[in-house]
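S.K.: Got a structure here, written out as structure tokens. Questions coming.
Only the coordinates and a few stated rules stand behind these numbers; no lab work does. Model, not experiment: these values are computed from the prediction. Neighbour counts are summed over all protein chains in view; Cβ atoms, including those assigned to glycine, are modelled from backbone coordinates with ideal geometry.
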Amino acid sequence: MNRPIQGFSKLTKREKIEWIATQYTADPEATKTVLERYWNSDTKLQQLHDEFIENTLTNFYLPLGIAPNFLINGRLYALPMAIEESSVVAAASKAAKFWLHKGGFKAEVLGTEKIGQVHFMFDGDTDTLQVFFDRIKDTLKSDAASITKNMKKRGGGITAIELRDKTADLPHYYQLHCTFETLDAMGANFINSCLEQFAQTLQREAENYEGFTGTERNIEVVMSILSNYVPQCVVKAEVQCAVEDLNIQPTVSPDEFAEKMVRAVQIAKVEPHRAVTHNKGIMNGIDAVVLATGNDFRAVEAGVHAYASKDGTYGSLTHANVKDGIFHFWIEIPLALGTVGGLTSLHPLVKLALEILGKPTAKELMQIVAVAGLAQNFAAVSSLVTTGIQEGHMKMHLLNILNQLGATESEKKMLTEYFKKHTVTHSAVVEAFDKLKSN
Ligand code: MEV
């Protein structure tokens, strides 16, 4: 039976591995070998990765691929994508190539407002609290001056602090709802430091405010934290072309294709089960670029899905229509991204990914990432409404199956050739592999 451990974080890396291998795995020696095989022989680089988190044992690799030929606002990009799903990079590349000679993608940042809140409980009169808040508003900002100084110099900082009465939702609950401009930084540390300072000022000033009596002086701060829901930090990306140019498949006419694309998006707008999968396909592109550029994909995921429900039901993040013979396809999503701070100057592959993208500003990165999502959705939905998804997906998955079966390089080559003309299914690959082996 496994036993709890005290002071695990104090053990050396080898001791941690020894412990996990003997306590939790059937073959400790094999476990140790696997974990150590993924160490980097460059000890400095390994140490850098070890120190990103607590209790590091080894590295967990994901492939970093490139989807070239993305024409965005007239500039050509090659998108770095970190992702394990076999068909994603191929699908993105295909969509990029399709739109390359049709004017490419246009993208525009509609807003960059970040949000943070101090959540607190106040036992007293709301109007009196409002008067108090108006009195201390300047002090809230001036107390945070040392935190905001550099950001302000660059043109960012706190943009607004508002008192919000939330007592209709929860008795005694109020917020300082604060907005920020964090320029090229994602801004989480900046925002959270400001908020924690606001909370201290709020409590201190309340204790000494002559307009408060009794319990009113004891404001209970519950928490101070940024919000990953940023509906005013939004980017739009779009493509358009004449319907007659939608020559995706020889078997489907451009008119029929346009109609089916619009229908598919309409379905994803009204049907949450489909919408979740539709949006998952979008996130295939978004997460891959977000991850490669060292941004927080969990924050992006949480914010994007909340945005997909902003009208009361969960729906498609992309939109499509045909007007006057022109097919329009677009996405509007919130993306709080940074190109400075965090991992951006620490992780060598993140630095490289940003260099490949031409060292973008946060706004440019928002545009690139939105385009990655739109392209991925275009690729997925156009397959779904024409050939179906499995043909392309299984072709890409073929190598994974062959690797699972332990195929040699020459066997992989022969079977890849064979499956150019045959349908890939798991059982068909196993059968063809067994046949090859027995010959
Ligand atoms: C698979 O990772 C993504 C898709 O399911 C997206 C979609 O259905 O639109 C193909």
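S.K.: Once you order the gyration tensor axes a ≥ b ≥ c over the Cα atoms, which shape class does the range 1-108 get: rounded for a/c under 1.5, otherwise prolate or oblate by comparing a/b with b/c?
M.R.: Numbers: a/c = 3.58, a/b = 2.89, b/c = 1.24.
Verdict is prolate for the range 1-108.
S.K.: Calculate, for THR387 and ARG37, the FRET efficiency according to 1/(1 + (r/R0)^6) with r their C-beta to C-beta distance and R0 41 Å; round to the nearest 0.05. Intermediate values should be presented prior to the final figure.
M.R.: Values: r = 39 Å, r/R0 = 0.96.
E(calc), rounded to 0.05, equals 0.55.
S.K.: Output the pairs from LYS141/LYS363; LYS102/LYS236; LYS280/LYS412 with a Cα-Cα distance over 24 Å in this structure; if there are none, say none.
M.R.: LYS141/LYS363; LYS280/LYS412
S.K.: Something else about it: Taking Cα centroids, how far is the range 28-84 from the range 336-384 in Å?
M.R.: Rounded to whole Å, the Cα centres lie 16 Å apart.
S.K.: Among 140-153, 227-240, how do they line up from the highest to the lowest mean number of other beta-carbon atoms within 10 Å?
M.R.: Ranked from most to least packed, the peptides come out as 227-240, 140-153.
S.K.: Let me ask you something else. Just to be sure I understand the model, the point goes 7 Å from the Cα along the line to the Cβ. What's the resulting GLU355 to LYS323 distance in nm?
M.R.: Those two pseudo-labels are separated by 4.4 nm.
S.K.: Between helix 297-308 and the chain, what is the angle of the helix's C-alpha long axis to the longest principal axis, kept within 0 to 90° and rounded to the nearest 10?
M.R.: 80 degrees
S.K.: Normalised by the residues of the chain, what does the relative contact order come to in percent, with Cα pairs under 8 Å and at least six apart? Walk me through the intermediate numbers first.
M.R.: Working: 708 pairs, mean separation 74.9, N = 439.
Relative contact order for the chain comes out at 17 percent.
S.K.: Could you state the angle between the C-alpha long axis of helix 390-405 and the longest principal axis of the C-alpha atoms of the chain, as a value from 0 to 90 degrees rounded to the nearest 10?
M.R.: Orientation of helix 390-405: about 80 degrees from the principal axis.
S.K.: Does the chain classify as rounded, prolate or oblate by the C-alpha gyration tensor (a ≥ b ≥ c root eigenvalues; a/c under 1.5 gives rounded; else a/b over b/c gives prolate, otherwise oblate)?
M.R.: In terms of gyration-tensor shape, oblate.
S.K.: Roughly how tilted is helix 362-384, in degrees to the nearest 10 and between 0 and 90, from the longest Cα axis of the chain?
M.R.: 40 degrees
S.K.: Then there's this: Reachable lysines from LYS44, Cα under 26 Å, same-chain residues fewer than 8 places away excluded?
M.R.: Counting by Cα, and skipping residues close in sequence, LYS44 has these lysines nearby: LYS10, LYS13, LYS16, LYS32, LYS351, LYS359.
S.K.: When the Cα centres of the range 214-257 and the range 150-164 are compared, how far apart do they sit, in Å?
M.R.: Here the two parts' Cα centres lie 24 Å apart.
S.K.: Kindly rank 48-54, 280-286 from highest to lowest mean number of other beta carbons found within 10 Å of each residue.
M.R.: Numbers: 48-54: 12.0, 280-286: 23.7.
In decreasing order of mean packing, 48-54, 280-286 become 280-286, 48-54.
S.K.: Where a ≥ b ≥ c are the square roots of the eigenvalues of the C-alpha gyration tensor, would you call the range 317-439 rounded, which needs a/c under 1.5, or, failing that, prolate if a/b is larger than b/c, or oblate?
M.R.: Oblate is the answer for the range 317-439, as a/c is 1.5 or above yet b/c matches or exceeds a/b.
S.K.: May I ask you to order 16-28, 32-44, 354-366 by the average number of other C-beta atoms within 10 Å around their residues, highest value first? It would help to have the intermediate numbers written out before the result.
M.R.: Working: 16-28: 14.3, 32-44: 12.2, 354-366: 18.1.
Highest to lowest by the protection proxy: 354-366, 16-28, 32-44.
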